[in-house]
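Just below is one structure, and these are the notes that go with it.
The values are calculated or read from the model by the stated rules, or taken from the named source; none is laboratory data. If you're wondering where the values come from, they're calculated on a predicted model, not measured in any experiment. Don't worry about glycine lacking a Cβ; one is built from the backbone with ideal geometry, like all the others, and counts go over all protein chains shown.
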Amino acid sequence: MTATGRLLDRRRCCLAVIDVQDYFLAKLPADQRAPLVGRIAWLMRVALALEIPLLVTGEDVRRNGGVVAEIESLLPAGAIAHDKMVFDLMGQGDIRAAVAATGRDQFVLTGLESDVCVTHSAFGLMAAGHAVAVALDACASPRPIMRSPWSASAPPA
């Protein structure tokens with residue numbers, strides 16, 4: 001991307017919804033769970049209205065359960081939530097193929113957990129040459145110090 005092309009372009013974007021599962025939500029304070037899912041669902045509805053493809057994952061679905069019903073209900077007909085067995089979605093062949101199949105080079109990330117799968121996926125996508133934006137208010141981690149891995153990694157003032 002050029003220095004003047006830093007804005008996201010809906011024709012180049014894909015919304016990645018990472019691991020929105022009860023297993024991970026249960027680690028958050030109870031009063032944060034529904035609002036978080038609501039913000040993620042809102043982003044999904046906006047993406048669908050703008051014809052932005054969705055890439056949805058659930059981590060180790062057999063062990064952790066599928067994505068929550070509110071998220072699954074927004075998947076377009078025929079779309080699936082990929083069963084992700086690694087932290088970085090680019091580290092798994094079928095998901096890497098799904099990323100390529102979108103034909104998009106900009107990814108907006110949302111989901112759980114901020115300090116593990118969202119961060120690893122962001123780095124994996126960037127290493128593969130994709131631009132990445134993280135919707136911080138639609139991500140979470142149970143570790144209070146890591147609510148925002150991006151601001152937590154900023155150099156001290």
Taking segment 77-105 only, how many residues are charged (D, E, K, R) and in contact (Cβ under 8 Å) with a residue 60 or more places away in the chain? 3
Would you confirm whether or not segment 71-84 contains a residue that is buried (at least 18 other Cβ atoms within 10 Å of the Cβ) and over 20 Å from Val37 (Cβ atoms)? no
Of the numbered conditions (1) more than 16 Å from Lys27 (Cβ to Cβ); (2) crowded, with 19+ Cβ neighbours inside 10 Å, Ala128 satisfies every one except a single condition; which is it? (2)
Condition first: farther than 15 Å from Val17 by Cα and either basic (Lys, Arg) or assigned to a loop (DSSP other than H, G, I, E, B) (or both). Can you find one or more residues in segment 107-124 that meet it? no
Hey, Ala34 modelled with pLDDT of 95 or more and not β-branched (Val, Ile, Thr) or not: yes
Search segment 44-72 for residues that are at positive phi and pair each with any residue that is surrounded by fewer than 20 Cβ atoms within 10 Å (Cβ to Cβ) when their beta-carbon atoms are under 9 Å apart and the residues are at least 6 apart or on different chains. Glu51/Arg10; Glu51/Arg11; Asp60/Tyr23; Asp60/Asp83; Asp60/Met85; Gly65/Asp22; Gly65/Tyr23
